[in-house]
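Q: The following block contains the structure, expressed as structure tokens.
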Amino acid sequence: MTRRFGLTFDYLCPFARIVHEHVVLALRSGADWDVSFVPYSLAQGHVEEGGTAVWDRTDPLSASGVRALASGLAVRDHDPERFLDVHAGLFAARHDEGADLRDPAVIDRVLVAAGVDAEAIAAHVASGGPLARLAEEHTRAVEERSVWGVPTFLASRAVFVRLLERPEGDAALAVSRIERVLDLIDGMPELHEFKQADLPY
């Protein structure tokens, strides 16, 4: 039976990168999952109560992470077959290369490498549609599921999860780890918090 869940992301977060790398690798290997990739803007998450929302500012795309999120959403919604490549590419640009995701040239390079029409995506982002989608989906996650960060799994419960190790190309390991996380979320509702104190790193 297909397993359905949502997963929040912002390309700025290294822990989101680790979890999404597991999920992308697992999906590419044929995992029977239906995953909704849900944007959550860390820039907006840090806005003080009563402050101007990131998407309501004069130049919202200059806010940290927002241009990349809008670009990822544009691909997710208009070129879904290439979304996983772009998704992984944006995480890699930030965390492998240390690239600045506010730079349109960085995003264009990722899009082109994934076979996406970078000019069309940039024009769509400039139209404001993906930014409106970001505002809508971020706000819904906060208001309906009490999301406050990334990566948060959205299943029977909304649960923030950090994995410390990348899958290193091992698809079976990626599937196993995510399945175990989902089993805890869906199968052990009495477990509210489980946080390791003596980190090995």
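The values are calculated or read from the model by the stated rules, or taken from the named source; none is laboratory data. Source: prediction; values computed, not measured. Every residue, glycine as well, gets a Cβ built from its backbone with ideal geometry; the counts of neighbours run over all protein chains shown. Surface areas here come from the heavy atoms of the whole protein model, side chains and all, with no ligands, DNA or RNA. Shrake-Rupley method; radii C 1.70, N 1.55, O 1.52, S 1.80 Å.
Q: Which angle between 0 and 90 degrees, to the nearest 10, do you get for helix 66-78 versus the longest principal axis of the chain when only C-alpha atoms count?
A: Roughly 80 degrees between the two axes.
Q: Same structure again: To the nearest 0.05, how large is the calculated FRET efficiency for Asp103 and Ser29 if R₀ is 41 Å and r is the Cβ-Cβ distance?
A: Rounded to the nearest 0.05, the efficiency is 0.80.
Q: Once both labels are modelled 7 Å past Cα along the beta-carbon direction, what's the Asp186-Phe160 spacing in nm?
A: Going by the 7 Å Cα→Cβ label model, 2.4 nm.
Q: Can you sort Arg177, Arg4, Arg140, Arg28 by solvent-accessible area, 1.4 Å probe, largest first?
A: Ranked from most to least accessible, the order is Arg4, Arg28, Arg140, Arg177.
Q: Moving to a separate point now. What nm value, rounded to one decimal, do you get for the distance between Ala171 and Glu193 when each label is placed 7 Å out toward the C-beta?
A: 3.9
Q: Give me the net charge of Val116's neighbourhood, meaning all other residues with Cβ under 14 Å from the Cβ of Val116; Lys, Arg count +1, Asp, Glu -1.
A: The answer is -4.
Q: For segment 61-157, what class follows from the C-alpha gyration tensor (a ≥ b ≥ c being the square roots of its eigenvalues): rounded when a/c is under 1.5, otherwise prolate if a/b is larger than b/c, else oblate?
A: Cα axes put segment 61-157 in the prolate bin.
Q: With a ≥ b ≥ c taken as the square roots of the eigenvalues of the C-alpha gyration tensor of segment 1-145, please select rounded if a/c is under 1.5 and otherwise prolate if a/b is larger than b/c or oblate if it is not?
A: Since a/c reaches 1.5 but b/c is at least a/b, the shape of segment 1-145 is classed as oblate.
Q: Would you mind working out the magnitude of the charge dipole of segment 1-79 relative to its Cα centre, with +1 at each Lys and Arg C-beta and -1 at each Asp and Glu C-beta, to the nearest 20 Debye?
A: The calculation lands at about 260 debye.
Q: Sticking with this one: Mind checking which of Leu154, Leu131, Leu191 has the largest fluctuation in a GNM of the chain, springs on alpha carbons under 10 Å?
A: The residue with the greatest mean-square fluctuation here is Leu191.
Q: Continuing with the same structure: Measure off 7 Å from each Cα along the Cα-to-Cβ vector at His46 and Arg140, then give the distance between these two points in nanometres to one decimal.
A: Simple spin-label model gives 2.7 nm for this pair.
Q: For helix 118-127, what angle does its Cα long axis make with the longest principal axis of the chain, in degrees from 0 to 90 and rounded to 10?
A: 80
Q: Would you mind telling me which residue in His124, His78, His22 has the biggest mean-square fluctuation in a Gaussian network model of the chain, where springs connect alpha carbons within a distance under 10 angstrom?
A: His78
Q: Here is a follow-up. Hey, what number do you get for the chain at 222 nm if only DSSP H runs of n ≥ 4 count, each worth -39500 (n - 2.57), divided across all residues, to the nearest 500?
A: That comes out to -15500 deg cm²/dmol.
Q: A follow-up question, please. What is the calculated FRET efficiency for Ala113 to Thr2, with r their C-beta to C-beta distance and R₀ = 22 Å, to the nearest 0.05?
A: The value I calculate is 0.15.
Q: Most fluctuating residue of Leu27, Leu69, Leu184 in a GNM of the chain with Cα springs under 10 Å: which is it?
A: Leu184
Q: Right, another one. For helix 83-95, what angle does its Cα long axis make with the longest principal axis of the chain, in degrees from 0 to 90 and rounded to 10?
A: 90
Q: Also: Please state the shape class of segment 19-92: rounded when a/c is under 1.5, otherwise prolate if a/b exceeds b/c and oblate if not, all from the C-alpha gyration tensor.
A: It is prolate, given that a/c is not under 1.5 and a/b is the larger ratio.
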